[in-house]
Every structure is written in structure tokens, then in C-alpha cells.
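The values are calculated or read from the model by the stated rules, or taken from the named source; none is laboratory data. Just so you know, these numbers come straight off a predicted model, no measurement behind them. A quick note on method: Cβ atoms are made from the backbone with ideal geometry, for glycine too, and the neighbour counts reach across all protein chains shown. Calculation scope for accessible area: heavy atoms of the full protein, side chains included, ligands and nucleic acids excluded. Shrake-Rupley method; radii C 1.70, N 1.55, O 1.52, S 1.80 Å.
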Amino acid sequence: MLDVLRRVVQEVNAAGDLTKALDIIVDRVRSAMGTEVCSVYLLDEERKKYVFMATRGLNPAVIGKVTLELGEGLVGYVGERAEPINLKDAQKHPRNRYVAEIGEEKYHSFLGVPIIHHRKVLGVLVVQQQKTRRYDESEEAFLITLSAQLAGVIAHARATGSLSLSESKDLPVSIFEGMAGAPGVAIGTAAVIFPQAQLDNIPIRKIRNVPKEIKLFKKAVETTKDEIRNTSRKLADRLRPEELALFEAYLHMLDDSAISGEVVARIKQGEWAQSALCHVIQEHVAMFEAMEDEYLRERGADIRDLGTRVLARLQSSDTRKVRFPKDTILVGEELAPADLAAVPRDKLVGLVSVKGSGTSHVAILAEALGVPTVMGVEDLPTQLLDGKPMIIDGFQGSIITYPSKEQLAYYRNIVKEEAMLVEGLEELKDKRCITPDGHRVRLWVNTGLMADVARSLDRGAEGVGLYRTEVLFMMKDAFPTEEEQRIIYREHLLAFAPKMVTMRTLDIGGDKALSYFPIKEENPFLGWRGIRVTLDHPEIFIAQIRAMIRANEGIDAHLRISLPMVSCISEVDEAKALIDKCYAEIVEEGVKVKKPDVGVMIEVPAAVYQAREIARRVDFLSVGSNDLVQYMLAVDRNNSRVAELYQEFHPAVLQALKQVVDSAHAEKKGIGICGEMAGNPSAAVLLMAMEYDVLSMNSINLPMVKKALMTIELKKAKKILNKVMKMDNAHQIKDYVDEQMRKAGLGQIVRSRRN
Ligand code: PEP
Ligand code: MG
């Protein structure tokens, strides 16, 4: 059964459009279960009805025409209960209802299972039989498993509308839900980027010069064929004749009469070679993978491999420059921080990533750059979006493709309102952040790129709470030297002096990769990350520390060095010893420079419990709430599937945050917070009440946080905090704080951070 399941899921995955996918499902399920009828009903959310979408065994003429009200008949009953219903004789069931045109009068046994995706019932999968008998447990288990596996595929196919990839029609107006990544609204044109030599994510593009495209494709095929012939020649004396024959088979597959011919036919319809090739290969792979014979089934992998080779050739010989539209919304399966550099800044208006969430590093960087971003839009058909108009709402985390006039007008208005809000906050720029009852809070910024500096100063930053030095490392193709680093750190220090600048030592691992220092791990967020890497590579650590200290020569800015991902005291001691050694050496070399403060990022639960011991050893603490939340709640900050559970207002998180402040203050040490939470005005009110000395955030959020803290008295904030510390769930806490903010006249600010 497992085998059948796997094959059906594969075939459905490769189907390309919803109608085909559903048709494959009913056909394969009917024969796999040896039953007489299999049908799918899908929920039409707008009309609030179940629509009869596909069948084997019932009347195909009424597909798409027959509908059932919610809760109507046994299908509606399955949907309502969101659980399987297995009946020996459906005709005796009180909820049974016949729809004459469907032709199910003669069937007695009924098994219906709900198709559920992200807790929502999408439809119902039904099998029926004339014989009066209950489907047995293994049949029920099979259908439930299949339905669970297909739910995602169906949701995706449905999100794509009734589109056929092969026809590459335009998308209808569609709304796709993801997660807020970086606030703001962008109205623009999608530009899809895709990883090289991967068949699955190539966007469909139109071309004008068909003969040129065919020539490009044929050249790629010929090069691939030459490579295959060469390999075959080299291995001729080591392989058996039947193995060598495989090479011949590959060459034939690439002939005009086979794959090449089909690709050329698609190119002739105006499609570029890359997506034409991918489409044809995927069809062939699906065909092989659906075969009964295991040997033939495995040939699917060979075809995929062949396709990948041709694609790689095609891409390496394609010298066309990607031209980004002037209002580019960059779309990708899994955008990484480095992708931001792919588009000239003046053309980039928005970002969309199918994977990831609001605390992924690409989203944090986008927020720093003020680029509205939507993350985790799992059902987005990226292949169909290239060059298409879209709106992205980085507050709500949604995307609209082919927006209507009304939608455009609505969002243009939001853009205008936002601009007015920002303008209204301009006057706060040079004011210090003091609550109406006289409490002073330091609002600092997080930086990474030089581009952040001017923006930060412009928004009234009073210091840098986190300079993510790894961003510099990511932009390079080898570790930057001590001198290269010194020059860049010096620019940062010069720009902010005499304000305090907190430079964090290299924090790679997790989702932050260096192309020239790959770390391959099963569980990277629990692996070799941050201080763990740099203590294992003291040469990297020392070069960086020396560069930081030497950068301050002659400036004497207030430099602070912070250590990421500390989980035990020995790491603090070792790092401090290395820093002391570096400083002593630099002084010995005759450089006159002040000793930097050293601090620790509190990012893992162990550090929360040992905050006092850590504070005793260092000059300051800084909470990295992005990681602290993920490690406390066991919720991957990059995984959109569990993003609902990533809750900054979780009572356990708030308790930990409070405990850390108290620990630092008990040791008379300063404490700040530099996770995204500090940039959320509602959270900032709680953090102020907890008595954090510094809130450090993306500069874009600074004016709003300042406005909130200059409006709410510390006394009031403490009352709010006392109240929420007694609450037991994150939603209740967030709603309560937002409500208090609205009452204080901060409604527009709360609305502006609608996530
Ligand atoms: C954090 O974890 O909160 C933090 C500031 O560090 P980063 O987001 O770079 O991991
Ligand atoms: Mg962190």
C-alpha cells in the first residue's frame, strides 16, 4: 500500500493543474481500493458549498455542476465533523441525501474522509460500493493517509486556480496568504529568481525570438550529448555491454523524436527553453514513476538527471542579462540574505519568499532596508508569476496577483497613510525618548550594512545595540582579512561616535551560511552556530576581535563587543580570555586604544537561568529575543508551518525576559534587548516596564516605538505588565496590550504593526 500511496502522491504532484490532479486521484484510488466509486468534493469558500469535482463510477456529466450546501448530505456531514465516516449502508443514515443527477442510488457502503490543510477542511474524498459492508480498517487508514498527503497538493493546485502550466495562461486575481516579513505595502511586478540547475522552480517566461531560443536549446543538448559520449568512451573498458547500453539510451532520449522534439514544440509556442525543458522532463519523470515495474520506475531518476544536465548547460550558455523591472518584487522559493543584492536597490520595492518566516534573517534585513516583505507563502505558484503585476501587504502577510482597480486604490491609500504616519513622526527625531512621567529609555538600532548607518542616524538612533558583522562576511567570497574588517568597522564607529556601538562577533550557522565555509548539518539551529564556531576557529575569532579593537584607534568611540549563542559559562571565559589577549597584544604593538566592553547575548534558555553568573563576568547583557523565543518554545524561527506558535508574547517568554533583567540589575550591569520584539511598539511598552535599559531595533521601527513610549507613562506600562504577567496565553496578552495602546491614542501605530 505504501508503494501505491507514494506513486499516487507523485503523480498528483506532477499533474500541473487541479482538474488533472483530481482526476488522477479518483482514478488511482478506485483501482487501488478495488472499489466501485471514488469522488472528490471541494469546498467553494465563496459560495459556501461543496462542489462535485471529480469522479470514477458516478455521472461525470455533472462534474462542476452539482453542489451541496455546507452540512448537506453525508459529504456535508463529513466536512462538518472533520472526521471520517464509514457506513455499511449509507441509505439508512438519517443524513443521507440523494442528488438524482449524480447516480448513486445503487451504492450502499460509504466511506468519506475530510481533506484538511492547515486545520481547514478543503473538501471530502469519498469511496462507495454496491455491497452492504463496512470498509475495513486498512482501507480506512489508506484513504485517511492519502487524503492527508494530498491536502497540501490540492491546496496548492487550487491556489493556482484552474490554470494549466502547459497553457501558461495569465493568473486570475488571486490572494495568497503568508506571513508578515517586513512592514509596508508594495505595488509592483514580480521577478522570480530560482536556484541554478534545479528543475522544479523555473518560472515560465515568454520569448520573442523563437529560432534563437531553439538554437540555444539545441546547443545545450549537443554539449550534453558530447559529455555523455565522452563518459561512455572513458568507461568503455570497465563496464559491461548492458551498462554501456544505458548511455546509448540517454542519447536517444535526447533525440528530436523524443524529449528534444517535445521541448522544441513548446518553444515554438513562445516559451523560453528553460521552462519548456523542465515541463517536458517532469512529464516524462511522472510517467516513469507511475509505472508498476520497479526497474522502469527508477528510470524516472535517470531522466531527471538528464534534464538537470541539459538545464545546467542551458543556463551556463545563456548570457542574457536578467532585466529587473523598475518596481521589482523579488519572488523566490527560499530567499536568502545574499539575494537582496541581486536587484539594484532603486528597483527593489518588495520581497516574497515561499519558505521562511518573519524572523528569518532575510526578513530582518529587508526590514532594515525598508523593503516590504511577505514570507512563508507556501501555496504560491512561483513558476507562473514572473512579470506579473502584484501587490504585497507586508503588514498582513498577503499577496494579490492581478489586483483589481479597487484593490489598487485601496492599497495606494494605505501607502499614503503610512507615509503620513512616518512624516508625522519626523518631529520626534531629535528628541530623547522620555515617558510623560520622566523615565528615560535608550532607543538604539540594529545594523548590518553600511546603508543602515545613514538611515539610523536620520531616524534619531542613540547608539548601535547590534551590529551583525556576519552580513559583511556573507557579501564576500572568502573570509575577510583583519585589515579589510578593520576598515569597515572603523567606518561604522566613525559614523556613530561618540555613541555606543555594539559589534557582535561572527554569528554564522543556523540559516546564515557562508558560501565559502559550508556547514552541513541535520539540525543547524541546534548545531555549530555563533560562538561555538568561532571558539573552534580561534584564528577567525582573533582576526575579528583585533580588527574591532584596532578600528577604534584614534576615535575612542565606546566600542562594545557582544558574543552570540552563548550556552555555558566556559564559552564566556574562553572568549574573554581571547579578547584580553588580543587587547594586550595590540597595546604591546604600540596602538593606543581603549579596552572595549564585553557582553553576552542571552539567546538560549540556559543563558536565562545563568544570567546572573554571566552578568558577573561581563560588562553588559543583550537579549536576542529572535532566538530566545525559538529555543524556549521549540519553534523554528524559519518554519512557516509552525509560525503561529512563534509567540513573543508567550507568558513563558515574558517571564524569562523579566528574569534576565532582574539578574543583570542584581549584578549592577546594563541590559538591552536587540531582537525584533524591541521594534514592536506594544512589546516595547512591556520591555520598558520590565526596566530594560536599551531597546535596540531596526531603524524603520524606531520612530513608532519612540512615539509609543513617549505617550505611555512608565506607571501605566507597569500596570499593564502586572496585568499581563498573570495571563496565561499569548493572544490574550497581545490583545490586551494592543487595546491599552489604542486607548492611549496609539491606534494608528498598532494598526501599522498589524501582524
Ligand atoms: C536574536 O536572536 O534576537 C538576534 C538579535 O540575533 P539574530 O536575529 O541575528 O540571530
Ligand atoms: Mg540570534
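Observations on the structure shown:
- Working ranking of peptides 351-364, 184-197 by packing, defined as the average number of other Cβ atoms within 10 Å per residue, highest first, is 351-364, 184-197.
- Cut-off under 5 Å, modelled amide H: who pairs with His117 long-range: Leu122
- The range 2-160 shape via C-alpha gyration tensor axes, a/c threshold 1.5: rounded
- Flagged links, alpha-carbon separation over 24 Å, of Lys347/Lys431; Lys431/Lys719; Lys499/Lys706: Lys347/Lys431; Lys431/Lys719
- Relative contact order computed over the chain (Cα-Cα under 8 Å; 6+ residues apart), in percent: 11 percent
- The range 92-151 versus the range 300-322: alpha-carbon centroid distance in Å: 43 Å
- Counting only DSSP H runs of at least 4 residues, each contributing -39500 (n - 2.57), and dividing by the residue count of the chain, the helix-based mean residue ellipticity at 222 nm comes to -14000 deg cm²/dmol.
- In the chain, inverting the average of 1/r over every pair of distinct C-alpha atoms gives 29.2 Å as the Kirkwood radius.
- Pairs beyond 27 Å (Cα-Cα), from Lys668/Lys718; Lys416/Lys707; Lys388/Lys520: Lys388/Lys520
- For the chain, the fraction of 1.4 Å probe accessible surface lying on carbon and sulfur atoms is 52 percent.
- As a calculated quantity, the FRET efficiency between Cys568 and Ile519 at R0 = 25 Å, using C-beta atoms, amounts to about 0.75.
- For the range 649-755, the normalised intensity computed at q = 0.09, 0.14 Å⁻¹ comes to -0.20, -0.50 (log10 of I(q)/I(0), Debye sum over alpha carbons, equal scatterers, no solvent).
- For the range 516-543 versus the range 426-440, the gap between their alpha-carbon centres in whole angstrom: 41 Å
- Projecting the Cα atoms of Ala290, Gly300, Ile259 onto the charge dipole of the range 204-317, computed from C-beta unit charges around the Cα centre, puts Ile259 farthest toward the positive end.
- Take every pair of alpha-carbon atoms less than 8 Å apart whose residues are at least six positions apart; their mean separation over the length of the range 231-321 yields a relative contact order of 18 percent.
- Structure note, pairs Lys326/Lys429; Lys512/Lys716; Lys225/Lys326; Lys581/Lys669: Cα-Cα distances above 29 angstrom occur for Lys326/Lys429; Lys512/Lys716; Lys225/Lys326.
- Anisotropy class of the range 204-317 from Cα gyration tensor, a/c 1.5 cut: oblate
- Anchor Lys49: lysines whose Cα lies under 30 Å away (excluding residues fewer than 8 positions away in-chain): Lys20, Lys65, Lys88, Lys92, Lys106, Lys120, Lys131, Lys169, Lys405
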